[in-house]
């Protein structure tokens, strides 16, 4: 996702200095004119706005707050933008640490997966100071389609937890429905024509349903990252005194998907675990 997002920024006329842990993954961006940096600190030393999108909160902490992190290299009035789905408390911590150095910080997690990143149609959920969020509008426009400032630091991450809760329970419905259709002897592609555009329609059904039918479980978003997101949402729910049984069920089901060896597959690999519970070998169904 990050490569596509950065590519859109370059296409919009922005210069880019990039760092990834695996340099070969940045080759497409280097071919488009980006400059390579050896550390996040070096990226920040050569940039006014520093974007990050990584895997886990520990990665965010290292990339933003570590010894060779972006904050260490950022100059006064520069802006740190973390687009990882991460902990709201960490977003606030980064904001406060940046503010102490005269630097701005914004949390801006995204939704839309690999398709949204490639097409520049992501939903971007933003937490931070209004004037900074507004100043970055050309960047948001290059990467996304639905761009909403949710409130102060951490508000973007809290909104993403709402998003992930909706997806977790929604994917159970998508996978169970297709499993039902299969066991009932229906042609699933024909079923999709009836249900995807009606009241039962959803992004997950329209975009991931066909992949499930085609046994294409390549990741738009990793199962292991989704488990991380649900864990954050459950932790926040406990802190707020909320009971979230649907989310807890989704988390447990996805733990089963990971235990089956599909942690690096897409979230729609949930179908494989639900099918196995019913004694169906989904990939080898006739």
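Available extension along the chain between residue 285 and residue 137 is 48.5 nm, counting 0.36 nm per residue and deducting the alpha carbon span. Normalised by the number of residues in the chain, the mean separation of alpha-carbon contacts (under 8 Å, six or more apart) gives a relative contact order of 13 percent.
Calculated [222 nm] ellipticity per residue, helices only, for the chain: -15500 deg cm²/dmol; basis is -39500 (n - 2.57) per DSSP H run with n ≥ 4, divided by all residues, nearest 500.
For residue 24 and residue 249, a Förster radius of 41 Å and the Cβ-Cβ distance give a FRET efficiency of 0.60, rounded to the nearest 0.05.
According to the Cα-based calculation, Rg over Rh for the chain is 1.00, with Rh computed by the Kirkwood formula. In segment 2-152, what percentage of the DSSP-assigned beta bridges are antiparallel, given to the nearest 5? Bridges in segment 2-152 are about 15 percent antiparallel. With Cα atoms defining each centre, segment 112-140 and segment 41-108 are spaced 16 Å apart in the structure. Between the Cα long axis of helix 223-239 and the first principal axis of the chain there is an angle of about 80°, rounded to the nearest 10. Relative to the dominant Cα principal axis of the chain, helix 203-213 is inclined by about 60°.
Counting only DSSP beta bridges with both residues in the chain, the antiparallel share comes to about 20 percent. Potential lengthening of the chain between residue 193 and residue 68 amounts to 39.9 nm, from the contour at 0.36 nm per residue minus the alpha-carbon distance.
The numbers here are math on the coordinates, done by the rules we state, and not lab data. All figures in this text were calculated on a predicted structure; none of them were measured in a lab. So basically every Cβ, Gly included, is an ideal-geometry build from the backbone, and we count neighbours across all protein chains shown.
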